[in-house]
Amino acid sequence: MSTATRTDWVPDRRDLLVGAAVVNAELLVVLVYLAVEPVTVDSWRFILYGFLWINAGLYAVAKTTPAPADTRTKRLALLVAGGYFLVLAVAGGIVGPSHTSPLASLLTDGHLHSHGTATAGGFDLRLLPPGWGPALVYQGAWLSVILMPYKVIGYLSLAYLVYATAIDAAGTVVSGSLGVLSCVSCTWPVVGSLVTSLFGSGSAVVVAATTWPYDVSTVAFLATVALLTWRPLAR
């Protein structure tokens, strides 16, 4: 049976020292941002969520080393992880149809809306709060790309963990099942937008799913990272 090589996922003293330094650095960046940019923070939890995604994702990657495997298994695992990242990127709004494309018009019943200042075929750098920004936005004739640090790092971290889990799955059905269930829970970050498109913005289902979308998605993200890092059924 193939199992991923893991260091102890419980933080040791060195991890705690590094973590404290990182948190202090992030706090300093936020304070500098607030001193420079004329913005007011209505809810600090949203800034916290961005850093939770980044820190948890990077920590999980640092604590996970894929098991040795043959070339074919690695390629299959890479294909699974790549496809998974692409699904999250599209569903999570990193990549999508441009607001000026015929596809966007079709999806919105012909009603196009303006989103930001990026023009077709151009790049725009949004100085959003740390963790959420700086966000690089590309608006093409057919394709739009929105690169927010917390989403890019979070989804890439999940893809890496899925890669390690897929290698585990080559040796055990149990770990593969765990990986599938974990990947399903990863879709929570985009459940609100998907439910909205399916049921309409005024339905009770949407209200229930979108009242606390970032709170729910952050909890689901952290739980998924924990499952994919620990993978108790694969041990």
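When segment 1-46 is examined, which residues are found to be modelled with pLDDT of 90 or more and touching a strand residue (DSSP E or B) at 6+ places or on another chain (Cβ under 8 Å)?
E26, V29, V30, Y33
Would you pick out the residues in segment 93-104 that are under 15 Å from the mean Cα position of the chain (by Cα) and either modelled with pLDDT of 85 or more or in a helix (DSSP H, G or I) (or both)?
Scanning segment 93-104 gives I94, V95.
Hey, does segment 35-54 have a residue that's buried (at least 16 other Cβ atoms within 10 Å of the Cβ) and free of Cβ contacts under 8 Å to residues at least 60 places away in the same chain?
No, there is no match, as no residue in segment 35-54 is buried (at least 16 other Cβ atoms within 10 Å of the Cβ) and free of Cβ contacts under 8 Å to residues at least 60 places away in the same chain.
Just to be sure I understand, how many residues within segment 66-92 are surrounded by fewer than 16 Cβ atoms within 10 Å (Cβ to Cβ) and in a loop (DSSP other than H, G, I, E, B)?
Looking only at that region, the number is 2.
The values are calculated or read from the model by the stated rules, or taken from the named source; none is laboratory data. Predicted model only: the values in this text are computed from it and were never measured. Cβ atoms come from the backbone with ideal geometry, glycine included; neighbour counts cover every protein chain shown.
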